[in-house]
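Scroll down for the structure; my scribbles are underneath it.
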Amino acid sequence: MLKQKRVAAIHDISCFGKCSLTVALPILSASGVECSVVPTAVLSTHTGGFTGFTYRDLTADITPIAEHWKTLDLTFDSIYTGYLGSFEQLELVAKFFDDFRNEDSLILVDPVMADNGVLYQSFPQNFPEGMKKLCGKADVIVPNITEAVLMLKEEYKEGPYTKDYIEDLLKKLADLGPKQVVLTGVYFDDKKLGAATYDKETGVVGYALADRVEGYYHGTGDVFGSALLGALLNGVMVSH
C-alpha cells in the first residue's frame, strides 16, 4: 500500500481572493497529497487591487508550530513556500528547512516578491538578496522573470524574449543552488505564454507554453506552483 505524500506549505492566508494557502491547500489535496499548513500572516483580502485590507503578522507562531511538530516526529515529503513578508520570516523558514529536511524531501520555493519589473512595495530594496539565499537551499525554485533578474542583480527587460536570454537566466538561477528551475512569464511572441524549465543535473531545457489570455489574474502563480508540486510528488517529471 502506497503511503500518502505529505507537504508542509508555508504561506499567508488571504481570506478573500484565490491565492496563497486558499489555493495551495485544495490543489495539493485534490492531487492526493496531504497538506499541512504554516500560516505566515492573515489578510482580509489579497493585496492586489484592494485598499484598506487588514494584516495580522504570524511570524511569532512559526517557531512554536515547528517545535510542536518536532515533538510529534512529523516528517514531510516536501516543504513549499510562497509569500514571506520579512527577513525574519526568511530566516525562520530556512531553519524550518534544516529541521525537517531529509534525504528524500523536495523543497520548492516560490520567491514571491515582484512582478512586471517592480519589487512589491512592502519589501525593502535589499530583500531579493535574502530571498536568493533561501532559494539556494531549495531543490526547485519557481520565480517569474522579474524575481529572477532581481535575485541575479540584472536589469529587467520587457519581452518578447529570445531563447538564448531565457536559457541564460535559467542557468544563472541554477547556479544559486537549486537542482531545477521553473521560470514563469516566458513568451517569445504575443500569442503564447508559459514557463521554461531547466534541470541542472541533466542540462535539459524545456518549455510549456499555451495560448495567451489577456488580463491580470491574481493568484495564478500560487495555482501554478501548487499544481506543479502536486505533479512532481505524483511522479510527473519536468521533461523536454
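Can you tell me which residues in the range 85-126 are aliphatic (A, V, I, L, M) and either closer than 19 Å to LEU176 by Cα or surrounded by fewer than 16 Cβ atoms within 10 Å (Cβ to Cβ) (or both)?
Answer for the range 85-126, where residues must be aliphatic (A, V, I, L, M) and either closer than 19 Å to LEU176 by Cα or surrounded by fewer than 16 Cβ atoms within 10 Å (Cβ to Cβ) (or both): LEU90, VAL93, ALA94, LEU106, ILE107, LEU108, VAL109, VAL112, MET113, ALA114, VAL118.
Looking at the range 59-117 only, could you name the residues that are more than 19 Å from the chain's Cα centre (by Cα) and not charged (D, E, K, R)?
ALA60, THR63, PRO64, ILE65, ALA66, HIS68, TRP69, THR71, LEU72, LEU74, THR75, ASN102, listed by residue number.
Please report, ordered by residue number, the helices (runs of 4 or more DSSP H) entirely within the range 140-236 with at least 1 residues that are at pLDDT 95 or above, exposed (fewer than 14 other Cβ atoms within 10 Å of the Cβ) and over 19 Å from the mean Cα position of the chain (by Cα). Quick ask: steps written out before the conclusion?
Working: elements: 145-152, 163-174, 220-233.
In the range 140-236, the matching helices (runs of 4 or more DSSP H) lie at 163-174.
Could you figure out which of (1) of a type in the set (Phe, Trp, Tyr); (2) buried (at least 21 other Cβ atoms within 10 Å of the Cβ); (3) not in a helix (DSSP H, G or I) isn't true of PHE50?
Only one criterion in (1) of a type in the set (Phe, Trp, Tyr); (2) buried (at least 21 other Cβ atoms within 10 Å of the Cβ); (3) not in a helix (DSSP H, G or I) is unmet by PHE50, namely (2).
Would you confirm whether or not the range 65-82 contains a residue that is in a loop (DSSP other than H, G, I, E, B), at pLDDT 95 or above and in contact with a His (Cβ under 6 Å, 6 or more places away or on another chain)?
Yes; the residues of the range 65-82 include at least one that is in a loop (DSSP other than H, G, I, E, B), at pLDDT 95 or above and in contact with a His (Cβ under 6 Å, 6 or more places away or on another chain).
Of the residues ALA60, ALA41, only one is crowded, with 17+ Cβ neighbours inside 10 Å, among the aliphatic types (A, V, I, L, M) and out of contact with any Cys (no Cβ under 8 Å at 6 or more places or on another chain); which?
ALA41
The values are calculated or read from the model by the stated rules, or taken from the named source; none is laboratory data. Note that the coordinates shown come from a computational prediction; the quantities given were computed from them, not determined experimentally. In this analysis, Cβ positions are derived from the backbone assuming ideal geometry, glycine residues included, and neighbour counts consider all displayed protein chains.
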